[in-house]
1. Could you say which residue among Ala125, Ala154 is within 20 Å of the chain's Cα centre (by Cα), assigned to a helix (DSSP H, G or I) and small (Gly, Ala, Ser)?
2. Looking only at residues that are among the aliphatic types (A, V, I, L, M) and more than 19 Å from Leu112 (Cα to Cα) in the range 182-198, which one is surrounded by the most Cβ atoms within 10 Å (Cβ to Cβ)?
3. Being within 23 Å of Pro211 (Cα to Cα), in contact (Cβ under 8 Å) with a residue 40 or more places away in the chain and among the β-branched types (Val, Ile, Thr) narrows it down to one of Val150, Val155, so name that one.
4. Has the range 134-141 got at least one residue that is open to solvent by less than 40 Å² (accessible area, probe 1.4 Å), touching a residue at least 12 places away in the same chain (Cβ under 8 Å) and either away from the ligand (no atom under 12 Å from the Cβ) or hydroxyl-bearing (Ser, Thr, Tyr) (or both)?
5. Within the range 168-181, track down each residue that is within 12 Å of the ligand (Cβ to nearest atom), touching a residue at least 12 places away in the same chain (Cβ under 8 Å) and either open to solvent by 30 Å² or more (accessible area, probe 1.4 Å) or part of a loop (DSSP other than H, G, I, E, B) (or both).
6. If you check every pair at least six apart or on different chains, which have Cβ atoms under 7 Å apart with a residue in the range 12-29 that is modelled with pLDDT under 95 and among the hydrophobic types (A, V, I, L, M, F, W, C) first and a residue that is surrounded by fewer than 22 Cβ atoms within 10 Å (Cβ to Cβ) and not in a loop (DSSP other than H, G, I, E, B) second?
7. Only one of (1) closer than 27 Å to Ser205 by Cβ; (2) open to solvent by less than 60 Å² (accessible area, probe 1.4 Å); (3) not in a loop (DSSP other than H, G, I, E, B) fails for Asp145. Which number is that?
8. Out of all the residues in the range 199-216, which are assigned to a strand (DSSP E or B) and open to solvent by 40 Å² or more (accessible area, probe 1.4 Å)?
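The values are calculated or read from the model by the stated rules, or taken from the named source; none is laboratory data. What you see is a predicted model; the values in this text were computed from it and never measured. In this analysis, Cβ positions are derived from the backbone assuming ideal geometry, glycine residues included, and neighbour counts consider all displayed protein chains. Keep in mind that these areas ignore ligands, DNA and RNA; they rest on the heavy atoms of the full protein, side chains included. Shrake-Rupley method; radii C 1.70, N 1.55, O 1.52, S 1.80 Å.
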Amino acid sequence: MKRIAVLASGRGSNFEAIVRAVKEGKIEAEVVALIVDRKGIAAIERAERLGVNWLFVDPSSFPSREDYDAKIVAILKHLKVDLICLAGYMKIVTPVFVDAFPNRILNIHPTLLPSFPGLRPHWQAIIYGVKISGATVHIVDKGVDTGPIVIQCAVPVSPEDTPETLSEKVLKWEHRIYPQAVKWFVDDRVRVEGRMVVVEGADYSKLPVVPALEDF
Ligand code: GAR
């Protein structure tokens with residue numbers, strides 16, 4: 001059974017979507033831990049409700065981001081994790097972390113990357129005036145939101161949208177594409193060739209997401 005760890009900094013709704021997909025038997029894996037870098041966040045309450053072990057690692061106890069990441073890597077190695085999901089994790093990961101788990105760290109970002117990486121993504125999309133936004137699950141590399149793309153969804157932006165309303169619309173889709181991407185990794189269907197991620201047997205011809213959702 002594959003072992004998954006999730007890292008989060010806030011609300012934790014994507015963490016919950018992944019755990020629920022596991023509990024429903026759609027993903028044959030175990031979520032062995034939630035690791036958080038902030039105290040008192042909703043993700044912790046969700047972990048307690050869902051019966052997932054959680055752990056707070058305090059960034060202020062480490063002299064640098066690299067030292068912090070070395071501690072996270074040590075914990076993840078100790079837990080023998082196969083896949084790491086960043087889910088609303090607001091720290092930029094360092095090469096110490098990325099090099100320890102090549103092609104095994106996923107992130108979700110709520111825009112159609114490479115548009116609008118980094119902070120305040122929905123605000124960036126709205127002030128740019130895009131008519132279609134969305135979300136992207138990608139493999140984490142050493143850049144910020146730059147890694148190879150696994151799956152995307154497209155969501156229309158209306159003139160009335162605010163960052164809050166757009167975020168709500170996109171989030172519904174995030175909760176479907178993230179578990180789908182995790183399942184593909186757990187089922188060993190993912191091949192990475194440079195920037196290109198190919199999911200074996202996936203249907204790349206259907207909208208609204210590429211590849212087409214199968215299980216979610
Ligand atoms: C999600 O919309 C996720 O895409 C975004 O933060 C939110 C976390 O929600 N992530 C980023 O912006 C990362 N750059 P959640 O805590 O409820 O899953």
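1. So the residue among Ala125, Ala154 that is within 20 Å of the chain's Cα centre (by Cα), assigned to a helix (DSSP H, G or I) and small (Gly, Ala, Ser) is Ala125.
2. Val186
3. Of the residues listed, the single one that is within 23 Å of Pro211 (Cα to Cα), in contact (Cβ under 8 Å) with a residue 40 or more places away in the chain and among the β-branched types (Val, Ile, Thr) is Val150.
4. Yes, because at least one residue in the range 134-141 is open to solvent by less than 40 Å² (accessible area, probe 1.4 Å), touching a residue at least 12 places away in the same chain (Cβ under 8 Å) and either away from the ligand (no atom under 12 Å from the Cβ) or hydroxyl-bearing (Ser, Thr, Tyr) (or both).
5. Lys169, Trp173, His175
6. none
7. Among (1) closer than 27 Å to Ser205 by Cβ; (2) open to solvent by less than 60 Å² (accessible area, probe 1.4 Å); (3) not in a loop (DSSP other than H, G, I, E, B), Asp145 violates only (3).
8. Correct list: Val210 only.
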